[in-house]
Amino acid sequence: MRVTDEKYFKAWRRATGGENISELRKIFVKFVKSKPQATFNYYTESAAVYSSRIEGNSLDLSRFINSQPRKRKFKAKEFAEIENLIAAYTFAKRRKITEANLLEAHGILSQNLLGKSEQGVYRKSKMAVLGGNRIEYFSPEHTKVKMLMTELFTDIAALCKTKLEPERAFYHIALVHLIFVHIHPFGDGNGRGARLLEKWFLSQHLGTASWRLPSEAYIWTHREAYYQNLRVLGEEFYELDYDLCIPFLQMLPAAMKPFTVFN
């Protein structure tokens, strides 16, 4: 599956907003025109907190924002994870979306997740995704990761040569998210990296308002559906059934609530 593929676009559009009149475009315009309720820093902090919570970090937004550094010792690692992810979002906001910049962003966000030699580099060993007491997903061999990621970013670069309308921007970046987590290119930080990529891509096509899209908070609230929508495609990278991808692709536009009418 390539992220430039529009095989599922019509079915996805029908599921998210209608075949003839694009509800998604109207909703995104309404979202963009809505008055920001906070600063970019707040939206970035919120994104980093919720993205980290999806991965098991116990800190909520209020606790992170209101705690002073001198009081953080009891959760120092968890605070550092969030602060590093904030720095990665801030880095991305100033850079174009490229493979080299993704690696640099991963190096920033993974400082408290991985050893120095694994930060900002693709994994060099097998990777299986665990769920409870069982293996839920087998990612491709580490020897294939570089090739798969270069292919992914070749497609991203092709998409970035044209300014996409909201419908196609949301569709294609949701595919990027899905394929990225299936490649699972890093030793850790894959989910965080995929959610960062979503806003990074949208901001380059649809403007800086994309950075305040509460997609991480939406996934946190609907995390059981998020993992189920990933799980249903299959347990093996080489046997994935992308015909079942529509529910996953619907999650990103649904994050525009209360502006959306999506289920």
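Residue pairs whose Cβ atoms lie under 7 Å apart, separated by 6 or more positions or on different chains, with the first residue in region 29-40 and farther than 13 Å from THR208 by Cα and the second surrounded by 12 or more Cβ atoms within 10 Å (Cβ to Cβ), are LYS30/PHE259.
If a residue must be of a type outside the set (S, T, N, Q) and farther than 20 Å from TRP211 by Cα, how many such residues does region 104-120 contain? Explain how you work it out, then say what you get.
So in region 104-120, the residues of a type outside the set (S, T, N, Q) come out as 104-109, 113-116, 118, 120.
Then drop every residue that is not farther than 20 Å from TRP211 by Cα, which leaves 107, 113-116, 118, 120.
Of the residues in that region, 7 qualify.
The set of residues from region 83-105 being surrounded by 19 or more Cβ atoms within 10 Å (Cβ to Cβ) and in contact with a Phe, Trp or Tyr (Cβ under 6 Å, 6 or more places away or on another chain) comprises ALA92, ILE97, ALA105.
The number of residues in region 235-263 being basic (Lys, Arg) and either assigned to a helix (DSSP H, G or I) or modelled with pLDDT of 95 or more (or both) comes to 0.
Do we find that GLU167 is in a helix (DSSP H, G or I), surrounded by fewer than 21 Cβ atoms within 10 Å (Cβ to Cβ) and either of a type in the set (Ser, Thr, Tyr) or in contact (Cβ under 8 Å) with a residue 12 or more places away in the chain (or both) in this structure? Taking the combined requirement at face value, the residue satisfies it. Filtered by the rule that a residue be part of a loop (DSSP other than H, G, I, E, B) and modelled with pLDDT under 90, region 50-72 gives SER67, GLN68, ARG72. With respect to the conditions (1) at pLDDT 95 or above; (2) assigned to a helix (DSSP H, G or I); (3) not polar (S, T, N, Q), PRO185 falls short on a single one, namely (2). Within the set ARG223, ARG212, ARG231, ARG168, the sole residue that is of a type in the set (Lys, Arg) and touching a His at 6+ places or on another chain (Cβ under 9 Å) turns out to be ARG168. Among the residues making up region 106-143, those that are charged (D, E, K, R) and either crowded, with 16+ Cβ neighbours inside 10 Å or not in a strand (DSSP E or B) (or both) are LYS116, GLU118, ARG123, LYS124, LYS126, GLU141.
For (1) at pLDDT 95 or above; (2) surrounded by 19 or more Cβ atoms within 10 Å (Cβ to Cβ); (3) at positive phi; (4) touching a Ser or Thr at 6+ places or on another chain (Cβ under 7 Å), each residue gets a yes or a no:
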position	(1), (2), (3), (4)
VAL145	yes, yes, no, no
ASP155	yes, no, no, yes
LEU159	yes, yes, no, yes
SER210	no, yes, no, yes
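The C-beta contact set for region 82-104 (first residue without any contact (Cβ under 8 Å) to a residue 12 or more places away in the chain and within 16 Å of CYS160 (Cβ to Cβ), second residue surrounded by fewer than 17 Cβ atoms within 10 Å (Cβ to Cβ) and among the polar types (S, T, N, Q), distance under 7 angstrom, 6+ apart or interchain) comprises ARG95/ASN101.
When you scan region 26-36, do you find a residue that is at pLDDT 90 or above, assigned to a loop (DSSP other than H, G, I, E, B) and polar (S, T, N, Q), even just one? Give the steps one after another, and end with the answer.
Taking region 26-36 first, the residues at pLDDT 90 or above are none.
No, region 26-36 contains no residue that is at pLDDT 90 or above, assigned to a loop (DSSP other than H, G, I, E, B) and polar (S, T, N, Q).
Across region 203-222, what is the number of residues that are over 20 Å from LEU175 (Cβ atoms) and in a helix (DSSP H, G or I)? Spell out how you get there, then give the answer.
Looking only at region 203-222, we keep the residues that are over 20 Å from LEU175 (Cβ atoms), and these are 207-209, 211-212, 214, 217, 220-221.
Those still in the list that are in a helix (DSSP H, G or I) too: 208-209, 211-212, 217, 220-221.
Residues that pass the stated criteria total 7.
The values are calculated or read from the model by the stated rules, or taken from the named source; none is laboratory data. A quick note: this is a predicted structure, and the numbers were derived from the prediction, not measured. Cβ sites come from the backbone with ideal geometry, for glycine too, and all protein chains shown count toward neighbours.
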